Amino acid sequence: MTSLTTEITVAYLHFVALIGTASLLVAEAAVCRPGIQGAALHRLKAIDIGYFSFAIAALLTGAMRVFWGAKGSAYYFANPVFHTKVGLFVVIALLSIVPTRRFIQWSKAARADERFVPDAQSLSGVRNVLRLELIALAALPLLGTLMAHGVSSLR
């Protein structure tokens, strides 16, 4: 068990990390639009680095809550809602590989040719993946709320 101050601090940092993750994912979706080129492609890559950093912070602070939180790791490891939340986080992480790879490719192409514009099909594909990530990410706080209120089954 930990002190109340530690519990509150870690919970707060976890919330900030989740808000940052969501905000940067929304920023990616807003910047990644038809006609994007030049500096905006480099900006998209930079936003993605921030998104990755906040997602890692969310993962780390989430782990801190599991291992150092008031409920203890046994509570979380026995809870199917927790497993669903972690699984969904992994799905989001795997989905995010597609846009990240494209952003890197597009940024390189824009360095070589400042007039480079991503083709419509790959741009549309990335935008669809970003939408899926946003939908999945929106479910994470619901799952966290369910756990906080003692729900241990999604039935």
For residue 154 and residue 27, what is the calculated FRET efficiency with R₀ set at 41 Å and r taken between the beta-carbons, to the nearest 0.05?
0.85
Nearest 500 deg cm²/dmol is fine: what mean residue ellipticity at 222 nm does the chain get from its DSSP H runs of n ≥ 4 alone, each adding -39,500 (n - 2.57), divided by its residue count?
-28000 deg cm²/dmol
Of 28, 133, 114, which has the largest mean-square fluctuation in a 10 Å C-alpha GNM of the chain?
114
Net lengthening on full extension, residue 68/residue 127 (0.36 nm per residue, minus Cα-Cα):
17.5 nm
Which of the peptides 46-57, 140-151 is most tightly packed, and how do the rest follow, going by the mean number of other Cβ atoms within 10 Å of each residue?
46-57, 140-151
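So how do 65, 101 line up by other beta-carbon neighbours within 10 Å, fewest first? Write out the running numbers ahead of the final one.
Values: 65 19, 101 11.
In increasing order of surrounding Cβ atoms, one gets 101, 65.
If you stretched the chain out fully between residue 40 and residue 105, how much longer would it get, using 0.36 nm times the residue separation minus the C-alpha to C-alpha distance? Write down the numbers at each step before the final one.
Details: separation 65, 0.36 × 65 = 23.40 nm, distance 1.34 nm.
Result for the pair: 22.1 nm of gain on full extension.
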Kindly express, to the nearest 10 degrees and within the range 0 to 90, the angle between helix 120-148's C-alpha long axis and the longest C-alpha principal axis of the chain.
10
Helix 4-31 vs. the chain, principal-axis angle (Cα, 0 to 90°, nearest 10)
20
Give me the angle, in degrees from 0 to 90, between the Cα long axis of helix 39-68 and the longest principal axis of the Cα atoms of the chain, rounded to the nearest 10.
10
Which of (i) 1.21; (ii) 1.04; (iii) 1.11 gives Cα Rg over 2.2 N^0.38 Å as computed here? It is (i)
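Every read-out reported here was derived from the displayed coordinates using simple, explicitly stated rules and does not represent laboratory data. A quick note: this is a predicted structure, and the numbers were derived from the prediction, not measured. Neighbour counts are summed over all protein chains in view; Cβ atoms, including those assigned to glycine, are modelled from backbone coordinates with ideal geometry.
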